[in-house]
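Q: Structure incoming, see below.
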Amino acid sequence: MSLEACRSLVERADIDRFSAAQLGSETAQKTLWPLYALNVEVSRAPWVTQEPMIAEMRLQWWRDALEEIAQRKPVRGHEVTAALATCIGAPEAEQLDRLVQARRWDIYNDAFDDEAALLAYLDDTAGGLMWAGATALGASVDVKNDVLAYGRAVGLARFLQAAPELEARGRRPLVDGRPEAIADLCQRVLAAMPKHVPLKCRLGDDAASVLTEGWQARALLKQAIANPTRVADGALGLSEFGKRWRLLIS
């Protein structure tokens, strides 16, 4: 029941990852639903309160739960932690702990110190989530850098889509919001993004399921490169037909 609860949570809160996970093998789904559900819970924790201390406490709760999983201690009662404890070990729990820590940025109004800080945030959130899933599904360490680079690109595409909403909520998401700077950043991240098919082959069937959530990323980054004003306008996105088509061929 906790696995089905995770699936339902992802379906309600993260339809893109839900659509991607449904295409995974049965083995992959047993890992992806808890991982993506954790990501939902952690990513919304900073936004459910106006009090930074309460938000910090919510994130710390998840850090403590991940520590319990890493140390194979009895895990606190929660439908997500119960499912998560059955599919990850200490390395994945430690990776996800970095994801939770990175989400502290979402609590406050401070801008990133520099581009390196923004990229580290993407690596620890989108990249870290992808790598945790890959290792839980049997990926070897030799593909880590490529998976993180793939996740960084996916994370940047999602982050740019969210930028107008972040600004509306008082955050300063971009270190340099000039159109030429956005285009340059997207170009460099896209250039470092590994090709999908070769990386999928290196990962193997189950672990390769983590890549499917990035089915829109390459097209979105190309949009931002061609017309970076789409970011500020909240117009970065694919048509429903384009999304379905890219998902089917991913």
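Q: Kindly provide the set of residues from the range 64-77 that are under 23 Å from the mean Cα position of the chain (by Cα) and either surrounded by fewer than 18 Cβ atoms within 10 Å (Cβ to Cβ) or among the small types (Gly, Ala, Ser) (or both), ordered by number.
A: Once the filter is applied, which keeps residues that are under 23 Å from the mean Cα position of the chain (by Cα) and either surrounded by fewer than 18 Cβ atoms within 10 Å (Cβ to Cβ) or among the small types (Gly, Ala, Ser) (or both), the range 64-77 yields Asp64, Ala65, Glu67, Glu68, Ala70.
Q: Separate question: Tell me the residue from Ala116, Ala93, Ala132 that is free of Cβ contacts under 8 Å to residues at least 40 places away in the same chain and either crowded, with 19+ Cβ neighbours inside 10 Å or among the hydroxyl-bearing types (Ser, Thr, Tyr) (or both), please.
A: Testing whether each residue is free of Cβ contacts under 8 Å to residues at least 40 places away in the same chain and either crowded, with 19+ Cβ neighbours inside 10 Å or among the hydroxyl-bearing types (Ser, Thr, Tyr) (or both) leaves just Ala93.
Q: Which numbered condition trips up Pro194, out of (1) touching a residue at least 12 places away in the same chain (Cβ under 8 Å); (2) closer than 30 Å to Asn109 by Cα?
A: (2)
Q: Something else: Of the residues in the range 96-113, how many are touching a Lys or Arg at 6+ places or on another chain (Cβ under 6 Å) and buried (at least 24 other Cβ atoms within 10 Å of the Cβ)?
A: Residues meeting the conditions: 1.
Q: Please go through the range 33-76 and give me each residue that is modelled with pLDDT of 95 or more and polar (S, T, N, Q), ordered by number.
A: Result: Asn39, Ser43, Gln60, Gln71.
Q: Here's another thing I want to ask about it. Could you run through the range 147-170 and say how many residues are surrounded by 18 or more Cβ atoms within 10 Å (Cβ to Cβ) and either farther than 22 Å from Asp113 by Cα or of a type outside the set (Gly, Ala, Ser) (or both)?
A: Summing the residues that are surrounded by 18 or more Cβ atoms within 10 Å (Cβ to Cβ) and either farther than 22 Å from Asp113 by Cα or of a type outside the set (Gly, Ala, Ser) (or both) in the range 147-170 gives 10.
Q: If you don't mind, there's one more thing I want to ask. Please return the ranges of helices (runs of 4 or more DSSP H) entirely within the range 1-91 where 2 or more residues are of a type in the set (Ser, Thr, Tyr) and out of contact with any Gly (no Cβ under 8 Å at 6 or more places or on another chain).
A: Helices (runs of 4 or more DSSP H) meeting the threshold: 2-13, 26-44.
The values are calculated or read from the model by the stated rules, or taken from the named source; none is laboratory data. Because the structure is a prediction, the values reported are computed rather than measured. Don't worry about glycine lacking a Cβ; one is built from the backbone with ideal geometry, like all the others, and counts go over all protein chains shown.
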